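Visitor: First, the structure itself, so that you have it in front of you.
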Amino acid sequence: MSEIIRDNIFKVRLPLPFKLDHVNCYAIKGQDGWSIVDAGLNYGPSRKVWSEFMDRQGFGAGDITGIFVTHYHPDHYGAAGWLQRLSGSPVYMSPVDAALTEKIWKNSFQNIEIFSRMYLENGVPAGLISEMLDNIVDMRQRVTPHPDITTLSGEEEVRLGDRYFQVVGTPGHTDGHVCFYNKENGILLSGDHLLPDISSNISLWPHSHPNPLDNFLTSLAENHRLKVSLALPAHGECFTNVEQRLAELKEHHRERLNMMKRIASRGATAYRVCLEVFGNGLSSHEMRFALTETMAHLAYLEKRGELRVSWENTVYEYSI
């Protein structure tokens with residue numbers, strides 16, 4: 001499924017086998033070929049959509065001049081290697097997230113012990129941990145083959161189609177997340193940084209920055225300097241009310257922090273806080289992200305001195 005957004009900018013909606021059932025990637029046509037922003041997950045239904053889109057638009061993989069990946073998460077990075085093998089084109093990422101592909105995806109089996117210990121130390125029951133770890137291993141096959149990555153400095157302009165876009169570092173959702181901003185037309189390819197209806201998942205992972213929520217809120221504040229008339233997100237519809245959305249996201253996280261502080265003030269593990277905020281009807285895949293998002297908010301509060309964390313009976317417990 002695809003639609004034209006602006007002259008020569010196409011949104012390509014790729015299916016995902018999760019509750020969040022799609023990712024928007026973008027194909028931008030230029031005189032010299034096509035630029036791709038984000039690649040989707042490497043599995044059959046997604047590859048089929050890419051092939052159908054190329055056939056419909058009358059170009060082949062060899063006409064792709066560059067693949068630009070906003071961050072290392074599998075629904076954005078997963079098919080980059082497959083597209084690179086078809087096209088021979090370079091794959092571009094930030095150096096931070098390029099390094100994370102090595103740590104997370106290429107060493108996923110070695111990371112199992114690290115993730116298992118993190119879940120245990122934050123109060124997750126052993127039976128659920130096993131399901132959450134299986135989910136990580138299953139994802140590995142959907143991010144291979146791995147591409148050869150050319151890293152972006154974060155300061156340069158890149159050519160997408162016939163337009164030039166500034167690479168904008170937006171850490172938070174991942175440590176090295178980038179957006180692409182065209183000042184002339186006010187277009188922001190926002191990846192998972194700015195979404196129209198849901199908040200980006202901000203998670204604390206073993207290999208991530210110790211305070212990702214602070215990074216995200218700082219990135220939001222810096223976004224006010226960009227004059228954006230149209231945001232092209234990775235999930236949901238393209239939107240124009242960017243300033244309003246920035247304010248909504250800031251308020252959402254303020255409310256979420258207050259809620260988690262109130263729950264943790266009685267003394268609780270991250271898992272207990274997570275259950276009270278998100279409920280216990282989550283799949284193991286969803287629980288992975290709900291728990292690490294909870295941990296990111298608790299870490300933010302702890303670093304601000306609003307909560308303290310202690311080691312109690314083999315788990316971390318938060319309190320005031």
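Visitor: Please find, among E286, E312, the residue that is modelled with pLDDT under 95 and over 21 Å from the mean Cα position of the chain (by Cα).
Guide: Answer to the check: E312.
Visitor: Could you list all residues from segment 169-204 that are among the β-branched types (V, I, T), in a loop (DSSP other than H, G, I, E, B) and surrounded by 21 or more Cβ atoms within 10 Å (Cβ to Cβ)?
Guide: Selection gives T170, T174, I202.
Visitor: To continue, here is another question. For segment 212-247, which residues satisfy the criterion of being of a type outside the set (A, V, I, L, M, F, W, C) and surrounded by fewer than 18 Cβ atoms within 10 Å (Cβ to Cβ)?
Guide: T218, E222, H224, R225, K227, S229, G236, E237, T240, N241, E243, Q244
Visitor: Right, another one. I'm trying to understand the selection: among the residues of segment 128-138, which are farther than 15 Å from Q110 by Cβ and among the hydrophobic types (A, V, I, L, M, F, W, C)?
Guide: Residues satisfying the conditions are L128, I129, M132.
Visitor: Residue by residue through segment 273-289, note down the ones that are buried (at least 21 other Cβ atoms within 10 Å of the Cβ) and either part of a strand (DSSP E or B) or in contact (Cβ under 8 Å) with a residue 24 or more places away in the chain (or both).
Guide: Once the filter is applied, which keeps residues that are buried (at least 21 other Cβ atoms within 10 Å of the Cβ) and either part of a strand (DSSP E or B) or in contact (Cβ under 8 Å) with a residue 24 or more places away in the chain (or both), segment 273-289 yields V273, M287, R288.
Visitor: Starting from segment 5-23, keep only residues that are more than 16 Å from F239 (Cβ to Cβ), then list their pairs with residues that are of a type in the set (F, W, Y) whose Cβ atoms are within a distance under 8 Å, requiring at least 6 positions of separation or different chains.
Guide: F10/Y26; F10/F53; V12/Y26; V12/W50; V12/F53; L14/W50; P17/Y43
Residue by residue, here is whether (1) touching a residue at least 40 places away in the same chain (Cβ under 8 Å); (2) surrounded by fewer than 19 Cβ atoms within 10 Å (Cβ to Cβ); (3) of a type outside the set (G, A, S) holds:
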| position | (1), (2), (3) |
| --- | --- |
| R56 | yes, yes, yes |
| G60 | no, yes, no |
| I67 | yes, no, yes |
| Y77 | yes, no, yes |
| G88 | no, yes, no |
| S94 | yes, no, no |
| R117 | no, yes, yes |
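Visitor: Any idea which residue in segment 224-272 is farthest from L14 (Cα to Cα), counting only those that are among the β-branched types (V, I, T) and in contact (Cβ under 8 Å) with a residue 40 or more places away in the chain?
Guide: Among them, the one singled out is T269.
Visitor: A follow-up question, please. Every residue in segment 1-56 that is closer than 22 Å to G186 by Cβ, charged (D, E, K, R) and modelled with pLDDT under 95, please.
Guide: Of everything in segment 1-56, those that are closer than 22 Å to G186 by Cβ, charged (D, E, K, R) and modelled with pLDDT under 95 turn out to be E3, R6, D7.
Visitor: Additional query: Counting just the residues of segment 115-157 that are β-branched (V, I, T) and under 21 Å from the mean Cα position of the chain (by Cα), which one comes out nearest to H297 (Cα to Cα)?
Guide: The extreme case among them is I136.
Visitor: Residue by residue through segment 299-316, note down the ones that are in contact (Cβ under 8 Å) with a residue 60 or more places away in the chain and touching a strand residue (DSSP E or B) at 6+ places or on another chain (Cβ under 7 Å).
Guide: Matches in segment 299-316: Y316 only.
Visitor: Considering every residue within segment 163-176, establish whether at least one is without any contact (Cβ under 8 Å) to a residue 24 or more places away in the chain and of a type in the set (G, A, S).
Guide: So far as segment 163-176 goes, no, none of its residues is without any contact (Cβ under 8 Å) to a residue 24 or more places away in the chain and of a type in the set (G, A, S).
Visitor: Out of the residues in segment 290-309 that are part of a helix (DSSP H, G or I) and over 14 Å from L213 (Cβ atoms), which is farthest from the chain's Cα centre (by Cα)?
Guide: My answer is L291.
The values are calculated or read from the model by the stated rules, or taken from the named source; none is laboratory data. Predicted model only: the values in this text are computed from it and were never measured. Every residue, glycine as well, gets a Cβ built from its backbone with ideal geometry; the counts of neighbours run over all protein chains shown.
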